[in-house]
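Report on the following structure.
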Amino acid sequence: MIKITGIGWITEKRYGRIIQQSARDYSDLKSLASDFVGQALFAYPVKNFGRFDKISKMVCAAAALTFNDAGVRYFKSEKKETGIIGTGTAGCLQSNLAYFKDYVDNGRSLGRGNLFIYTLPSTPLAEVAIHFGCRGPLLYIKSGQSRMLSLIEYAGDMISRNEASSMLAISADEHRVICILLETDDQVHQKKGFRIEEQSLTAMIASLEKGIS
Amino acid sequence: MPSVKSVVVACDMVTPYGQGVNLCWKHLIAGDSAIGEITRFDTRHFKTNKAGIIPGLSCGAGESFVMKMLAPMSKGKRALIPEDSFPILATTTGEINYLEGHIITGKGEYKQSDPGFLLEKIVKLTGVKYPGLLVSAACTSSNTAVSHGAALIDSGRYDSVLVIACDSVSEFVFSGFSAIMALDENAARPFDKNRKGLTLGEAAGYILMMSQERALREKRPVLGKIAGWGLTSDANHMTGPDKDGGGLAAAINKALQSASVTIDDIGVISAHGTGTIYNDAMEIKAFKKVFNKQFVPAYSIKGGVGHTMGAAGLVEIIIALKSLQEMTVPPTVNLLDVDPQAEGWVFQEPAKFKKAVTISTNSGFGGINSAIVLC
């Protein structure tokens, strides 16, 4: 049995946790790292957070909220066998534009490496893997089906196949990121959460996606 | 031996050598390199003008390089690809030339570069009925897509999966790899002691996978089997690999375990072998970690075709299957002086091997690692 044990979300103005039922406003993305440190959401500072593209900042913040929501602690010196699967409507389109526009504006002679590294849709997920020490599979997918439900299904399958002991499923758009932690029920049976086999999951996800905007 | 459910029943590809698997194999065995000069865009400001370019490939306004690569391959293949195949697209930049065109000329629609649109075009081109899935995991995109496809078949969810991979050499990626100083000024020399970096390449291809039962029922030729896979992250650095090879070693060990094989079963390794100092050193460390001091012949095809990014894994799986059919290890093209750390692993000449199981590895940006066991 696989259980959703943590759900974190963030928009451009507000962030929150679903299981712990908390939410708060925040001022801006630049201050997000220090804002979170104050709230003890990041256990330690995120390296190069200021250089992340917007989506990577939001994805990293949502992952921190999710681990916190699930009561999962993480340490700089310790890695975990968690995998990450992500999706998003626009992928890395904005980062691609930012990189190539900058390159063209500078005479098409030299690109900026720090902008180029964000031109993969998997990069925000890799930033999460690096900060939180997630050593499991890492992939970005996009399908025509209901995004969050597909993600949960794929993530659950990967746990069932022993590809990872737990999975973060991240739906990231420019203005909103929702992150879900899936763990095996035998490890976390006392934790609050939702079994992914529950009939009510579809309604819960629909309400979650509708409620966070 | 592994209990295999997914088998490869058809494949094709276009690489800088030209159209077809046999052509690519023939050139690799001969040690030829298809790396040449780029004329597609101005390279005078860069350290190199070298890349693996598909001969004669060009595209006009409103077209994309990757669709120009894929279209000829799909001609006459509709009968071969069942309508109920689930399509999976592996790519890193897809039709990025739409975005380039929009920014450089102000014309066209940059949103067309979203690989989601490419997936829709591929669904139409191949005539399959499912909307499919896009998989992107940097330079492990193909291996990740093939693993996912095999998992869909193993679970019984689908019994036919079509994995398509493509990426082109564009000013976008060329300038980016130049910016991070990853390019060799000449052609890449994987596992050579004087290697200086990678050379970009372009390719497109597909493999059609089926359940063994369906392949048997439809009397399909079995080109090889997807026996197992392992996917991991280094969780270490965005552009540099885990220097001790721990992440890749973990992926290989997972792949061996999932295929129910041991290191003694592996006859040959298709390495990622980009030609960068750090990647190749990391890979050899990973191989030594897994195979203990037991040498297993390994090779990289990137001195021949360049690093074809999201398509690299698929091209390498197809060549690995060919190497199994021929029971031959291709030489590592452009290898002149073997890095002392790689001595005994890679070779300048083709060689025969006896154990009919191979493992194909890829690693990518973000520290993503993948390994696939084929037999």
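State which residue is nearest to B:A79 (Cα to Cα) when the search covers only segment B:199-246 and only residues that are open to solvent by less than 20 Å² (accessible area, probe 1.4 Å) and among the hydroxyl-bearing types (S, T, Y).
Selected residue: B:Y206.
When residues of segment B:343-362 are filtered for being surrounded by 24 or more Cβ atoms within 10 Å (Cβ to Cβ) and not polar (S, T, N, Q), how many remain?
Step one: of segment B:343-362, the residues surrounded by 24 or more Cβ atoms within 10 Å (Cβ to Cβ) are B:346, B:358-362.
Filter once more, so that each one left must be not polar (S, T, N, Q): B:346, B:359.
Within segment B:343-362, residues that are surrounded by 24 or more Cβ atoms within 10 Å (Cβ to Cβ) and not polar (S, T, N, Q) number 2.
Can we say B:A61 is closer than 18 Å to B:S160 by Cβ and more than 9 Å from every other protein chain (Cβ to nearest Cβ)?
So B:A61 fails the test.
Just a yes or no: is a residue in segment B:256-264 assigned to a loop (DSSP other than H, G, I, E, B), surrounded by fewer than 21 Cβ atoms within 10 Å (Cβ to Cβ), of a type in the set (D, E, K, R) and over 19 Å from the mean Cα position of the chain (by Cα)? Outline the logic, then answer.
Looking only at segment B:256-264, we keep the residues that are assigned to a loop (DSSP other than H, G, I, E, B), and these are B:259-262.
Within this subset, residues satisfying the condition of being surrounded by fewer than 21 Cβ atoms within 10 Å (Cβ to Cβ) are B:260-262.
This time we only want the ones that are of a type in the set (D, E, K, R), so: none.
No, the conditions are met nowhere in segment B:256-264.
Looking at A:E153, A:E163, A:E127, A:E174, which is the one that is open to solvent by 40 Å² or more (accessible area, probe 1.4 Å) and either within 22 Å of B:R157 (Cβ to Cβ) or in contact with a Cys (Cβ under 8 Å, 6 or more places away or on another chain) (or both)?
Being open to solvent by 40 Å² or more (accessible area, probe 1.4 Å) and either within 22 Å of B:R157 (Cβ to Cβ) or in contact with a Cys (Cβ under 8 Å, 6 or more places away or on another chain) (or both) holds for just one of A:E153, A:E163, A:E127, A:E174, which is A:E153.
Of the residues A:G83, A:G91, only one is within 14 Å of chain B (Cβ to nearest Cβ), at positive phi and touching a strand residue (DSSP E or B) at 6+ places or on another chain (Cβ under 9 Å); which? Even if it seems obvious, please write down each step before you answer.
Details: A:G83 fails: at positive phi.
Just one listed residue meets the conditions, A:G91.
In segment A:85-97, what residues are free of Cβ contacts under 8 Å to residues at least 60 places away in the same chain and either polar (S, T, N, Q) or open to solvent by less than 10 Å² (accessible area, probe 1.4 Å) (or both)? Outline the logic, then answer.
Residues of segment A:85-97 free of Cβ contacts under 8 Å to residues at least 60 places away in the same chain: A:91-93, A:95-97.
Once the filter is applied, which keeps residues that are free of Cβ contacts under 8 Å to residues at least 60 places away in the same chain and either polar (S, T, N, Q) or open to solvent by less than 10 Å² (accessible area, probe 1.4 Å) (or both), segment A:85-97 yields A:S95, A:N96.
Kindly evaluate B:G273 against the criterion of being small (G, A, S), assigned to a loop (DSSP other than H, G, I, E, B) and either surrounded by fewer than 24 Cβ atoms within 10 Å (Cβ to Cβ) or at pLDDT 95 or above (or both). First the steps, then the outcome.
Working: small (G, A, S): yes; assigned to a loop (DSSP other than H, G, I, E, B): yes; either surrounded by fewer than 24 Cβ atoms within 10 Å (Cβ to Cβ) or at pLDDT 95 or above (or both): yes.
Yes; evaluated as a whole, the condition is true for this residue.
Take A:G144 and decide whether it is within 8 Å of chain B (Cβ to nearest Cβ), small (G, A, S), open to solvent by 10 Å² or more (accessible area, probe 1.4 Å) and farther than 23 Å from B:E100 by Cα.
Working: within 8 Å of chain B (Cβ to nearest Cβ): yes; small (G, A, S): yes; open to solvent by 10 Å² or more (accessible area, probe 1.4 Å): yes; farther than 23 Å from B:E100 by Cα: yes.
Yes; evaluated as a whole, the condition is true for this residue.
Got a sec? Which of A:F52, A:F100, A:F116, A:F67 is more than 9 Å from chain B (Cβ to nearest Cβ), buried (at least 19 other Cβ atoms within 10 Å of the Cβ) and farther than 18 Å from A:S166 by Cβ? Working first, answer last.
Values: A:F100 fails: more than 9 Å from chain B (Cβ to nearest Cβ); A:F116 fails: more than 9 Å from chain B (Cβ to nearest Cβ); A:F67 fails: farther than 18 Å from A:S166 by Cβ.
Result of the check over A:F52, A:F100, A:F116, A:F67: A:F52.
Of all residues in segment B:285-340, count the ones that are open to solvent by less than 20 Å² (accessible area, probe 1.4 Å) and either charged (D, E, K, R) or free of Cβ contacts under 8 Å to residues at least 24 places away in the same chain (or both).
Residues that pass the stated criteria total 2.
So A:L168 clears everything in (1) part of a strand (DSSP E or B); (2) more than 7 Å from chain B (Cβ to nearest Cβ); (3) open to solvent by 10 Å² or more (accessible area, probe 1.4 Å) except one condition, right? Which one?
A:L168 satisfies all of (1) part of a strand (DSSP E or B); (2) more than 7 Å from chain B (Cβ to nearest Cβ); (3) open to solvent by 10 Å² or more (accessible area, probe 1.4 Å) except (3).
Please count how many residues of segment A:13-32 are surrounded by fewer than 20 Cβ atoms within 10 Å (Cβ to Cβ), out of contact with any Gly (no Cβ under 9 Å at 6 or more places or on another chain) and not aromatic (F, W, Y).
Count: 8.
The values are calculated or read from the model by the stated rules, or taken from the named source; none is laboratory data. Since this is a predicted model, take the numbers as computed values, not measurements. We place every Cβ from the backbone using ideal geometry, glycine too, and count neighbours over all the protein chains shown. Surface accessibility is based on the protein's heavy atoms, side chains included, excluding ligands, DNA and RNA. Shrake-Rupley method; radii C 1.70, N 1.55, O 1.52, S 1.80 Å.
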